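Below: the structure, in structure tokens.
Quick note: the coordinates plus some simple rules give every number you see, no bench work behind them. Here the structure is a predicted model, which is why all the values come from computation and not from measurement. All Cβ positions, even for glycine, are placed from backbone atoms using ideal geometry, and neighbour counts span all protein chains on display.
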Amino acid sequence: MLKDRIILVQQEITKLTDMLAQMYLDAMVSGNNVSPEYHTLRTQLTDRIHERDMINMLLQKGMQ
């Protein structure tokens, strides 16, 4: 179950990273500040990274 979950979490990390990079680039090119949505998505990314790290730790300890 954890191995399946980590795959989904990693996919979400990749998706969020791509979205955030595009939002940041758009803000820099346009000269505007990043949107509040950017900060919300960044928090979600941090949560997914933490979740991935926790799953990896559990897998290293032999959890399934």
> Any idea how many residues of segment 4-44 are over 30 Å from Gln64 (Cβ atoms), more than 11 Å from the chain's Cα centre (by Cα) and not hydroxyl-bearing (Ser, Thr, Tyr)?
Replying inline: 15
>> Suppose we filter Val34, Val9 for residues that are surrounded by 11 or more Cβ atoms within 10 Å (Cβ to Cβ) and outside any helix (DSSP H, G or I); which single one remains?
In response: Val34
